[in-house]
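Data first, discussion second: the structure below is written as structure tokens.
The values are calculated or read from the model by the stated rules, or taken from the named source; none is laboratory data. Predicted model, so just to flag it, every value in this text is computed and none were measured. Using ideal geometry, Cβ is built from the backbone for each residue, glycine included, and neighbour counts are taken over all protein chains shown. Accessible surface is based on the protein model in full, side chains and every heavy atom, while ligands, DNA and RNA are left aside. Shrake-Rupley method; radii C 1.70, N 1.55, O 1.52, S 1.80 Å.
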Amino acid sequence: MYRSVIKIDGMMCGMCESHINDVIRRNFKVKKVSSSHVKKQSIVISEEPISEEDVHKVIDPTGYKVLGFECGVEEKKSLFAKIFKK
């Protein structure tokens, strides 16, 4: 699994978050996406890595601005690892 953090400028409310989530879901195969207008970011969990270029191609035309992008491997932790975390 891959975890992408997209810094986005222009989100002002929950509807903006919803709009960004919909755009990401329509254009990428994602397991999970969540956006926060307060943190000005979207977090995307996907099986395949997504590219910064593709993110710009789908988000920039919506009127929001991509300010930053990071993509890395997401470690899947078991329930026991979460419970017994030291």
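Placing pseudo-labels 7 Å out from each Cα toward the beta carbon at D60 and I45 gives an inter-label distance of 3.0 nm.
Per residue, the chain exposes 70 Å² of solvent-accessible protein surface, assessed with a 1.4 angstrom probe and all protein chains in place. Under 18 Å of direct C-alpha separation, and excluding same-chain neighbours fewer than eight residues apart, K40 reaches these aspartates and glutamates: D9, E17, D22, E52, D60, E70. Ignoring ligands, DNA and RNA, what percent of the accessible area of the chain is carbon or sulfur (1.4 Å)? Solvent-exposed carbon and sulfur of the chain make up 53 percent of the total. Three principal axis extents describe the C-alpha atoms of the chain; from largest down they are 44, 25, 20 Å.
Taking label points 7 Å from Cα along the Cα-to-Cβ direction, Y2 and D22 give a separation of 2.6 nm. For D9, the solvent-accessible surface computed with a 1.4 Å probe is close to 60 Å², ligands and nucleic acids excluded. Extension gain for the segment M12 to E70, taken as residue separation times 0.36 nm less the Cα-Cα distance, is 18.7 nm to one decimal. Rounded to the nearest Hz, the phi-derived 3J(HN,Hα) couplings of the stretch 22-38 under the Karplus curve 6.51 cos²θ - 1.76 cosθ + 1.60 (θ = phi - 60°) are 5, 4, 5, 4, 5, 9, 9, 7, 10, 8, 7, 9, 9, 10, 9, 6, 5, where x marks glycine and proline.
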